[in-house]
Every structure is written in structure tokens, then in C-alpha cells.
Amino acid sequence: MKKVWYVLMILFVVAACSKKEQEQNESAERKEEAPASGRVAPEVIADHLSVPWSITKKGSQFYISERNGAIVSVDPESGEYSRLPVMTTKDIFTGGEAGFLGLELIPNTDLEAFAYHTYEENGDIFNRLIRLKKEADGWMETDSILEGIPGAHIHDGGRIKIGPDGKVFITTGDASAPDLAQDVNSLAGKILRVEMDGTIPSDNPFPNSPVYSYGHRNPQGITWDDNGNMYASEHGSSAHDELNQIEPGKNYGWPVIQGDEQQAGMETPMFHTGEKTWAPGGIAYANGRLYIAGLRGQAVFQYDLSTGNADIFQTGQGRTRDIFIEKNDLFFITNNTDGRGTPAANDDKLLHLELNGAPD
């Protein structure tokens, strides 16, 4: 009996020590996160979004794409929104990470937009760039700009931005076929550039081709600084997520090199995350810094272009997909309902922060 009691006492002590050690580890983790989580709490502009992917804006109204094939318009004053379906000539394929992705409003139109979505044809998966017009009962496809971009359940790219030069830039993933990223005759693993009507700009680096840069794995963010320099965020294969300065015709290395690896004729990123994973989504520029949405990183990160330093700007909201900056206001969307997050009852959200409202 004494022997049994003695064994039970040992087990109790071991369990207590283990629990104490676990609590100490959790406390240490919370302390490590404290500087970021102690920033000013973001303002909720809208909630109950369903796998939002891209933010764009006209006047005071936000327009947010949702991966299942809808566009939500948000009034930031009231937080009220309306959701309208997207009506395309080819069905939107939503398997895995695919679906209705990038959205960019077209300037000098009533309400027209470029959009990027995945579709299936004869058993194969592709992506396409289309033009939409807002009608009373939904957003109607009015033109197909670019078809046959290789697609897959993962690595579909999808970001659309109109650049300072008035051209349309589109990011595409390697569609789970890494070697396509090095093939300049394929549209996979690229950043593409076309005119507003879909024709090829005469100054593109490859004749009669929309390819602007290549050797990309899964770029999901593009932006420009005040001097017109272009930057892109890109998912690495095992951590080593990248920020690159994009120049026409350059080869950004995937799948041959990543991280600090070098090879003649290939570009090494200006920054990568090393063994950490951000899984970067959209990016935006303001005041000498890039702001990067982090999916697996579950934060908004910031990167100082003058010093090369990167840190967390905001955390505590879960997976973050896209960022939009206007003057001193930063808006971002969470992506906790995308199947990889842990959504709260009112996820996902459009959130707002003042850039100067958070301490350094």
C-alpha cells in the first residue's frame, strides 16, 4: 500500500512540474508577442465576410472579392454592406486555394473592374483575367482579357493591380508544376503585364508576350513606391518567403534557387524570412515601408526599405490576406474562414488602423 502511495506521489509531482513548465512556456510566448499585440487595437469596419481575398476602393466605398464568387461593397461610415454574385461565362472553380481571387476597379468608369478567377475545362484547371460591370443584381462579365493561365488547387497567384504606367499587372503561381516558372513560354509562375484592353504593351521584355518577370513560385502581392519602383511578395517552399524588387525580364529563381542561394542570371530576394513562415498575401507601400499581409504568420508585417529591417506591425486578428493603404489609413482583411484558420463567430473582417496611431 505504501509503495502504491509513493508511486502516486511521484506521478503527481511530475505532472505538477510538467504543468508548471507548460505555463512558463506559454507565458514566455505571450511576453514575446506582447510588443506587437500591445499596439492600438484595429477598428472593425465590417465583419461576417466569407473568405475575402482582395480589397479595392472607389470614393468612400470598399469592394471586396470573396473566393466563392461574390463581391461585397462596404460603407465604412455605417459598416453596412451588400453582397452581390459574380456572373461569369465560365464557372468559378473553388477547390483548394482556387476561386474568385483578385479584383481591381477600373478608373474612369462607373463601376467596372478587372477580376481573376479559376475555372475548369476538359478536366484541366486554369485561371483567367476578365472584365466585370456592376449591374443591379450582380457583377456581369463583359469581356475575357486573358485565358488559359495554368491553375491548380494551390499556387494560383491571383493579385491584380493597375500600375503607375497605366498597365495591368497580374501575378500567377506555378500551379504545382515548379518547372513552368522557368519557362517564359508558359504563363505560370510569372508576373504578367497587359494594356487595359488586354493587348501586349510594345515595351514588354519578351516580344508579343504578357510575361513581365518569371521564376516565381506563388506571388500574391504587388505594389509601387513613390519613385515607381515595383515590389512583390512571394510564398517560399519551406519558409523563405520573399520580398522582391521587380524589374522587367528578370528571373527570380524558382525552383532553382531560394533564400540566399545564388546563380548567374537569377535574382536573389532583397529580403526573405529565413526559417520563419509568413505566407505573404497582399502588400502596400507608405512612407518608405512595405506593409505585408501574413497568412500563416497571422500578422501585418512591415519592412523598412531604407534599413532592411522587418517586424510585426499588428497581430492578434489571425490570418491576414490583403492590405489597402490610403493616406494615413491602413485597411486589411482577415482570412480565418479559408479552411486553414480558426474563425471566430463574426469572422472574417475588414479592419482599420491609422499608420501613425501605432507606436514604433
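Here, each number is a calculation from the coordinates, and none is a lab measurement. Source: prediction; values computed, not measured. Glycine gets a Cβ as well: all are built from the backbone with ideal geometry, and neighbour counts include every protein chain shown.
Brief remarks follow.
- As a rough footprinting exposure proxy, the listed residues ASP174, ASP179, ASP110 were ranked by other beta carbons within 10 Å of their own, and the order from fewest upward is ASP110, ASP179, ASP174.
- Its Cα centre serving as origin, region 45-275 has a Cβ charge dipole (Lys and Arg +1, Asp and Glu -1) of approximately 260 debye.
- As a rough footprinting exposure proxy, the listed residues SER186, SER306, SER54 were ranked by other beta carbons within 10 Å of their own, and the order from fewest upward is SER306, SER186, SER54.
- When Rg and the Kirkwood Rh are both derived from Cα coordinates, the Rg/Rh ratio for the chain amounts to 1.04.
- Environment charge of LEU295, counting only residues whose C-beta is closer than 9 Å and scoring Lys/Arg +1, Asp/Glu -1: +3
- With Cα atoms, 0 to 90° folded angle of helix 2-37 axis to the chain main axis: 40
- Projecting the Cα atoms of HIS240, GLY123, SER73 onto the charge dipole of region 45-275, computed from C-beta unit charges around the Cα centre, puts SER73 farthest toward the positive end.
- Sequence-distant residues sharing a close amide H with GLY102 (under 5 Å, placed H): TYR116
- Fewest-first sequence of LEU101, LEU353 by Cβ atoms within 10 Å of each Cβ: LEU353, LEU101
- Formal net charge of residues neighbouring HIS155 (Cβ-Cβ distance under 10 Å; K, R +1; D, E -1): -2
- Listed residues SER306, MET266, PHE324: farthest to the positive end of the dipole of region 259-324 (Cβ charges): PHE324
- Normalised by the number of residues in the chain, the average gap of Cα pairs under 8 Å and 6 or more apart makes the relative contact order 13 percent.
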